[in-house]
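**Q** Shown below is the structure under consideration.
The values are calculated or read from the model by the stated rules, or taken from the named source; none is laboratory data. Since we're looking at a predicted model, the values are computed, not measured. All Cβ positions, even for glycine, are placed from backbone atoms using ideal geometry, and neighbour counts span all protein chains on display. When the accessible area is computed, the model is the full protein with side chains, heavy atoms only, and any ligands, DNA or RNA have been set aside. Shrake-Rupley method; radii C 1.70, N 1.55, O 1.52, S 1.80 Å.
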Amino acid sequence: MANDCFPPFDKTKPQYIVGYGSLLYEQARKLTNIGFEPEVPVWVDGFRRGWLTRTRQDNNVKVTELGVIPLVGGRFNGVLISMPPNKIKSIDRQQKLMCRVLVNSGQLNSMNIEKIPKDGQFWLYQTQNKYSGKPAGSYPILMSDVDEFLTGCIEQSEHFKLKSFAQECVATTWNWSSHWVNDRLHPLKAKPAQIQRQRVDKLLDSLEGNLYEQVRSQ
């Protein structure tokens, strides 16, 4: 599968994925047969995370999901997950909207005492330009996706004992929007994450403009 979208690996180096969305959530990793635990919480520079990946789901529902695009001065928090090339290739095969891009080790900074591995190759999945767009009435954010993302952030906050990790997930994610469907009662995604609803709600209360109150009342 090596091509412009999924570059070949340097087989002499350990391989790492930068998890920033669903890979933060343990159950999502298990569902995609990724049983590897995050090893280092990191700041990632030179990229922006946001609700910016437009897609149509299997049930024909159009949504805007999390994604990452390159941006000078951009920064978000995530985790490094050590993974063998065959597992990364398995993720590659699931990607229809994103490409795997190399991240320079100088763009990574540890959020705790763990050090960035010196000899690794670091990858993240970046939204392709043709699928990038802000949330809109016809491409809203789903509460199901928000719950999964922030539940994963809460898990990593506890795993690494970083109180601010989950708050930074909200603060360093762009394109929070009123085009946001509260599907908690009738989820549009299979097996939604709702085990941390109260804590997720508290995190979302920090959004400016009373935005989440509008969504919660739907």
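**Q** Just name the residue that is most open to solvent (accessible area, probe 1.4 Å) out of those in region 156-177 that are within 16 Å of residue 206 (Cβ to Cβ) and assigned to a helix (DSSP H, G or I).
**A** Per the criteria, the residue is 167.
**Q** Residue under question is residue 145, and the condition is that it be farther than 17 Å from residue 53 by Cα, touching a residue at least 24 places away in the same chain (Cβ under 8 Å) and touching a strand residue (DSSP E or B) at 6+ places or on another chain (Cβ under 8 Å); does it hold?
**A** no
**Q** Which one of 163, 134, 115 is more than 21 Å from residue 58 (Cβ to Cβ) and free of Cβ contacts under 8 Å to residues at least 24 places away in the same chain?
**A** Just one listed residue meets the conditions, 163.
**Q** Now for a different question. Those residues that are open to solvent by less than 40 Å² (accessible area, probe 1.4 Å) and more than 21 Å from residue 210 (Cβ to Cβ), I need them from region 178-196; list them, please.
**A** Within region 178-196, 193 is the sole residue that qualifies.
**Q** Moving on. Say whether the condition of being aliphatic (A, V, I, L, M) and open to solvent by 20 Å² or more (accessible area, probe 1.4 Å) is met by at least one residue in region 148-155.
**A** Among the residues of region 148-155, not one is aliphatic (A, V, I, L, M) and open to solvent by 20 Å² or more (accessible area, probe 1.4 Å), which makes the answer no.
**Q** What do you reckon, is residue 96 of a type in the set (D, E, K, R), within 24 Å of residue 4 (Cβ to Cβ) and part of a helix (DSSP H, G or I)?
**A** no
Matching residues to (1) over 26 Å from residue 58 (Cα atoms); (2) among the small types (Gly, Ala, Ser):
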{"position": "120", "(1), (2)": "yes, yes"}
{"position": "138", "(1), (2)": "no, yes"}
{"position": "146", "(1), (2)": "no, no"}
{"position": "152", "(1), (2)": "no, yes"}
{"position": "167", "(1), (2)": "yes, no"}
{"position": "171", "(1), (2)": "yes, yes"}
{"position": "201", "(1), (2)": "yes, no"}
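**Q** Here's a follow-up. Which is over 22 Å from residue 16 (Cβ atoms) and either out of contact with any Phe, Trp or Tyr (no Cβ under 9 Å at 6 or more places or on another chain) or modelled with pLDDT of 95 or more (or both), of 150, 124, 102?
**A** Result: 150 is the single residue among 150, 124, 102 that is over 22 Å from residue 16 (Cβ atoms) and either out of contact with any Phe, Trp or Tyr (no Cβ under 9 Å at 6 or more places or on another chain) or modelled with pLDDT of 95 or more (or both).
**Q** Could we say that residue 195 is more than 18 Å from the chain's Cα centre (by Cα) and either part of a strand (DSSP E or B) or of a type in the set (Val, Ile, Thr) (or both) here? Spell out how you get there, then give the answer.
**A** Details: more than 18 Å from the chain's Cα centre (by Cα): yes; either part of a strand (DSSP E or B) or of a type in the set (Val, Ile, Thr) (or both): yes.
Against the criterion (more than 18 Å from the chain's Cα centre (by Cα) and either part of a strand (DSSP E or B) or of a type in the set (Val, Ile, Thr) (or both)), residue 195 qualifies.
**Q** Turning to a different aspect of this structure: Within region 127-144, identify whether any single residue is within 18 Å of residue 202 (Cβ to Cβ) and either of a type outside the set (S, T, N, Q) or open to solvent by 60 Å² or more (accessible area, probe 1.4 Å) (or both), and answer yes or no.
**A** In the first step, residues of region 127-144 are kept if they are within 18 Å of residue 202 (Cβ to Cβ); the result is 143.
Next, only the ones that are either of a type outside the set (S, T, N, Q) or open to solvent by 60 Å² or more (accessible area, probe 1.4 Å) (or both) stay: 143.
The answer is yes; a qualifying residue exists.
**Q** Within region 18-53, work out how many residues are at pLDDT 95 or above and either of a type in the set (Val, Ile, Thr) or in contact with a His (Cβ under 6 Å, 6 or more places away or on another chain) (or both).
**A** 5
**Q** Any chance you could count how many residues in region 38-87 are of a type outside the set (S, T, N, Q), free of Cβ contacts under 8 Å to residues at least 60 places away in the same chain and open to solvent by 40 Å² or more (accessible area, probe 1.4 Å)?
**A** Within region 38-87, residues that are of a type outside the set (S, T, N, Q), free of Cβ contacts under 8 Å to residues at least 60 places away in the same chain and open to solvent by 40 Å² or more (accessible area, probe 1.4 Å) number 7.
**Q** Kindly indicate the residue of region 89-127 that is over 19 Å from residue 152 (Cβ atoms) and of a type in the set (Val, Ile, Thr) and also farthest from the chain's Cα centre (by Cα) among those meeting that condition.
**A** 113
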